[in-house]
Amino acid sequence: MRKIWLYTRLLLAIALLFAIIYGLLVLIAYFLGYAQPIFLAIIAVFIVILQYAVSPKIVEASMRVRYIRREDNPELYGMVERLAKEANVPMPKVGIANIDLPNAFAFGRSLKDGRVCVTRGLLKILNKEELEAVLGHEISHLKHRDMVVITTLSVIPLICYLAFWSFLWGRRRSEGSMLIAFVAFAVYLITNLIVLYVSRIREYYADYGSAMITKKPHALASALYRITTATTFIRPEKIKEAEGMKAFFATDPSRARKDIIDLKQADLNLDGHLDEYEVKVFASKAKVTTTDKLLELFSSHPNVVERIKKLAELEE
């Protein structure tokens, strides 16, 4: 039932995105004819295709990724292989990012081109169950083709921004063009929020996928807690270095210092990990404030407390 609800929300958000962009293009066409909106759409699609083609190389270089073979790290490689088989997806490349920031990410141009990477910092802090749960989350991203979905949807805010820029600074400035520029910018802001909303749904969907593959939702909840806690010990400048890549990560590192305040009561026995009982107790008591919900609107990741609460429901 939960999976159906997530999927329904996703479809409704995507339908709304395309309805909005269709309305904007019709408005432009009404004022200026059909050439302008088609030209803007072609430019935006070209930019997104180019981004889609080169993004794996950008991610690899930015995160200093080194791909491994089985003999380099038998446990990590075997874990990914087993989870990929369980999820019924092609074996992805397995990589280790040479950075201390504890996190994991998945990317690739297609399911057959999938890459699952963990950072050097992540391998230092997670136990076997937690690592398996995080890898299950990333493999679920590949299975659901999330990188392709988000990349494709990003063309819509881009078209809106190009329309805004074109009509604001175009040669034929008039009241009509200023109106279109204003509408285009407003639509750009709205569609950006919807794309972020879709991204958050995909994170919930990947959490669900991990729980279904590993059968241990509490292990992912514990991993989210461990990652958030460990990230608060990373120097802020190191976190900023990875700012451009945070949409790929399992958690948003820039929110760790805020999230840890909400998570401080979770670890009852103070061993640094969360067991099934601790996850259940924390989920029953934790509250997500209105401020947290408002801040979440501008984030690509759901609130960590809310994610743990959802994982506790799956544990039930």
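The values are calculated or read from the model by the stated rules, or taken from the named source; none is laboratory data. Just so you know, these numbers come straight off a predicted model, no measurement behind them. Positions of Cβ are generated from backbone atoms using ideal geometry, with glycine treated the same way; all protein chains shown enter the neighbour counts.
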ask   = So residue 227 fits all but one of (1) over 17 Å from residue 207 (Cβ atoms); (2) surrounded by 23 or more Cβ atoms within 10 Å (Cβ to Cβ); (3) among the aliphatic types (A, V, I, L, M); what number is the exception?
value = (1)
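Evaluate the following for residue 266: is it out of contact with any Cys (no Cβ under 8 Å at 6 or more places or on another chain), more than 18 Å from residue 161 (Cβ to Cβ), buried (at least 19 other Cβ atoms within 10 Å of the Cβ) and in contact (Cβ under 8 Å) with a residue 60 or more places away in the chain?
Details: out of contact with any Cys (no Cβ under 8 Å at 6 or more places or on another chain): yes; more than 18 Å from residue 161 (Cβ to Cβ): yes; buried (at least 19 other Cβ atoms within 10 Å of the Cβ): yes; in contact (Cβ under 8 Å) with a residue 60 or more places away in the chain: no.
When the stated conditions are applied, residue 266 does not pass them.
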ask   = Pick from region 230-263 the residues that are crowded, with 20+ Cβ neighbours inside 10 Å and hydroxyl-bearing (Ser, Thr, Tyr): which of them is farthest from residue 150 (Cα to Cα)?
value = 231
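Does region 138-152 include one or more residues that are closer than 21 Å to residue 23 by Cβ and either out of contact with any Cys (no Cβ under 9 Å at 6 or more places or on another chain) or not charged (D, E, K, R) (or both)? Write out each step before concluding.
The initial filter retains those residues of region 138-152 that are closer than 21 Å to residue 23 by Cβ, namely 152.
Within this subset, residues satisfying the condition of being either out of contact with any Cys (no Cβ under 9 Å at 6 or more places or on another chain) or not charged (D, E, K, R) (or both) are 152.
Yes, the conditions are met somewhere in region 138-152.
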ask   = Cβ-Cβ below 6 Å, separation at least six or inter-chain, first residue in region 188-207 and more than 16 Å from residue 4 (Cβ to Cβ), second of a type in the set (S, T, N, Q): which pairs?
value = 196/300; 199/300; 206/140
query = Could you say which residue among 72, 100 is within 30 Å of residue 237 (Cα to Cα), part of a loop (DSSP other than H, G, I, E, B), more than 19 Å from the chain's Cα centre (by Cα) and modelled with pLDDT of 85 or more?
reply = 100
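Search region 141-161 for residues being among the charged types (D, E, K, R) and assigned to a helix (DSSP H, G or I), and hand back the single one that is farthest from the chain's Cα centre (by Cα). Break it down stepwise before answering.
Taking region 141-161 first, the residues among the charged types (D, E, K, R) are 143, 145-146.
The next check asks that each one be assigned to a helix (DSSP H, G or I); those that pass are 143, 146.
Details: 143: 14, 146: 8 Å.
Per the stated criteria, the residue is 143.
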request  = Give the residue that is nearest to the chain's Cα centre (by Cα), with candidates limited to residues of region 114-131 that are surrounded by fewer than 24 Cβ atoms within 10 Å (Cβ to Cβ) and charged (D, E, K, R).
outcome  = 115
request  = Would you confirm whether any residue within region 291-302 is surrounded by fewer than 20 Cβ atoms within 10 Å (Cβ to Cβ), assigned to a helix (DSSP H, G or I) and modelled with pLDDT of 90 or more?
outcome  = no
remark   = Of the conditions (1) under 16 Å from the mean Cα position of the chain (by Cα); (2) not in a helix (DSSP H, G or I), the single one that residue 111 does not satisfy is (1)
query = Residue check: is residue 80 crowded, with 16+ Cβ neighbours inside 10 Å and assigned to a helix (DSSP H, G or I)?
reply = yes
inquiry  = Being part of a helix (DSSP H, G or I) and at pLDDT 95 or above is the requirement here; does residue 199 meet it?
reply    = no
key: Subset of region 240-257 that is at pLDDT 90 or above and assigned to a helix (DSSP H, G or I) - its residue that is farthest from the chain's Cα centre (by Cα)   = 257
